[in-house]
Amino acid sequence: MSSLESPNSNRSLERVAAILDAVNHSSASASEIARRTGLSVSTTHRLALSMTEYGFLRRAENGDFRLGSRFVQSALEKVALPVLTALRDATAESAQLWIRRGDDRICVLSSDSHQELRASLPPGSRLALPAGSSGHLLAHAPEALEQMEAHGWVESSGRRTPGLGSVSAPVNLRGQVIAAVCLAMPLARVTTSPGQDFGKAVADAALRISQDLEQAAP
């Protein structure tokens, strides 16, 4: 019998499904989810935190849990693609959308530059946090928080890949960062810095996606 077929695994899946059902229509605290599911508060809290880490749930500032980015990803991709394409066309550089999965970040969309020399990673690419501007942003690195407070974007120059730079800004949904818009480019085409050259355009694109997603997300 495989581990997935074991009674313990089945019980864990049942608990995860019960928690998802409990927050399907409204957010709830761990104690309220426990009341709705019949699980203990300690078990509910432990599972909910693990589910948050992998995108099944997200947590609001008041501590409540609700459905996570995995359940809004199709809506996210739908509203983000035209915005990324417009950002690519306006800057002539590669625009990407990244989400966090555990200790990694995953590229879910990419609109590549048409220039022969370009920074390009295909959708599905996985990179360890916190490398790169979007990696620092999604990992909530102290340096990223400082740049966000000062500028509204996070930049990186040649730290992950020599010769390449990037600038990223957060996509927010109901007060939570669920993704990062990233513009990546060869440093040879950067005049001042990735952030100074392109930061406003990236921040505006991320804000547009956030606003459209608020209307489209369940």
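Values quoted throughout were computed directly from the atomic coordinates according to the rules given, and no laboratory measurement underlies them. Quantities reported herein were computed from a predicted structural model and do not represent experimental measurements. Counting neighbours? That spans all protein chains shown, and the Cβs are built from the backbone with ideal geometry, glycine included.
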(message) Using a 7 Å offset from the Cα along the Cα-to-Cβ direction at both Asn62 and Glu149, what is the distance between the two label points in nm, to one decimal?
(response) 2.6
(request) Using Cα pairs closer than 8 Å and at least 6 residues apart in sequence, work out the relative contact order for the range 3-68, in percent. (result) 31
(message) Just to verify a number: FRET efficiency for Asn24 and Asp103, C-beta to C-beta distance, R0 = 30 Å, to 0.05?
(response) 0.60
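Set the Förster distance to 22 Å, then compute FRET efficiency between Ala90 and Leu187 from the Cβ-Cβ distance, nearest 0.05.
Numbers: r = 19 Å, r/R0 = 0.88.
E(calc), rounded to 0.05, equals 0.70.
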(message) Using a Gaussian network model on the chain with a 10 Å cutoff between Cα atoms, which of Asn62, Asn172, Asn24 fluctuates the most?
(response) Asn62
(request) Take every Cα-Cα distance within the range 3-68, group them into 10 Å bins from 0 onward, and report for each bin the whole-number percent of pairs it holds. (result) 24, 57, 17, 2
(request) Would you order Cys107, Cys182 from fewest to most other beta-carbon atoms within 10 Å of each residue's own beta-carbon? (result) Cys107, Cys182
(request) Using a 10 Å cut-off on Cβ atoms, rank the peptides 41-51, 205-215, 116-126 from the highest mean neighbour count down. (result) 205-215, 41-51, 116-126
(message) Treating only the Cβ of Lys, Arg, Asp and Glu as charged (+1, +1, -1, -1), what charge dipole size does the range 3-68 show about its Cα centre? Round to the nearest 20 debye.
(response) 80
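If you put +1 on each Lys and Arg Cβ and -1 on each Asp and Glu Cβ, how big is the dipole of the chain around its Cα centre, in Debye rounded to 20? Write out the running numbers ahead of the final one.
Details: 22 positive and 22 negative charges, 97 e Å.
In total the dipole reaches around 460 debye.
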(request) Positive end of the charge dipole of the chain (Lys, Arg +1 and Asp, Glu -1 on Cβ, about the Cα centre): tell me which of Gly199, Leu13, Tyr54 has its Cα farthest that way. (result) Leu13
(message) When the expected Rg is taken as 2.2 N^0.38 Å, what fraction or multiple of it is the alpha-carbon Rg of the range 1-152?
(response) 1.27
